[in-house]
Amino acid sequence: MVKETAEKIEKMEDDEKILAIVSKTLDDNKAEDIVVMDLKGKTSIASFMVVASGTSQRHVASLAEKVQENLKAAGYKSAAEGMEKADWVLIDAFDVIVHIFKPEVREFYNIEKMWRAVAEIRQ
């Protein structure tokens with residue numbers, strides 16, 4: 001079983017590996033309402049966009065830090081904006097863009113609605 005999983009991961013593209021790391025990290029650290037948008041072939045900015053909520057500024061910042069730590073541990077670079085205030089943190093992992101919001105900020109900006117026409121949305 002472990003060998004099969006390792007072989008599957010090895011065959012994944014980098015963008016899919018990054019997405020797997022991001023998704024697992026957010027899920028493991030109790031992010032809420034995680035939405036993955038498949039942007040492949042629809043825009044040149046990224047292959048995937050992930051939107052999630054944290055319960056507070058501290059939770060948003062912690063989620064962002066964990067995502068960046070796990071990406072770095074796997075050999076991927078990323079850059080983050082918004083860590084100071086932590087109402088909305090944007091992580092650019094090149095092929096994957098991650099938005100982590102406080103719930104009220106997420107509702108106000110409604111990123112999913114803005115991208116719905118372009119992206120295939122998975123929850």
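Checked against the criterion of being out of contact with any helix residue (DSSP H, G or I) (no Cβ under 9 Å at 6 or more places or on another chain) and either within 21 Å of residue 47 (Cα to Cα) or modelled with pLDDT of 95 or more (or both), the candidates 111, 91, 121, 100 yield just one match: 111. Is at least one residue of the range 97-117 among the small types (Gly, Ala, Ser) and either touching a strand residue (DSSP E or B) at 6+ places or on another chain (Cβ under 7 Å) or surrounded by 12 or more Cβ atoms within 10 Å (Cβ to Cβ) (or both)? No, because not a single residue in the range 97-117 is among the small types (Gly, Ala, Ser) and either touching a strand residue (DSSP E or B) at 6+ places or on another chain (Cβ under 7 Å) or surrounded by 12 or more Cβ atoms within 10 Å (Cβ to Cβ) (or both).
Figure legend. Inter-residue proximity from the range 80-92: first residues within 11 Å of residue 63 (Cα to Cα), second residues among the basic types (Lys, Arg) and surrounded by fewer than 18 Cβ atoms within 10 Å (Cβ to Cβ), beta-carbon distance below 8 Å, spacing 6+ or different chains. Indicated pairs: 86/58. Counting the residues of the range 50-71 that are surrounded by fewer than 22 Cβ atoms within 10 Å (Cβ to Cβ) and over 16 Å from residue 19 (Cβ atoms) gives 9. The number of residues in the range 72-82 that are surrounded by fewer than 18 Cβ atoms within 10 Å (Cβ to Cβ) and closer than 20 Å to residue 27 by Cα comes to 4.
The values are calculated or read from the model by the stated rules, or taken from the named source; none is laboratory data. Computed from a predicted structure; not experimentally measured. Reconstructed Cβ throughout: ideal geometry from the backbone, glycine too, with neighbour counts over all protein chains shown.
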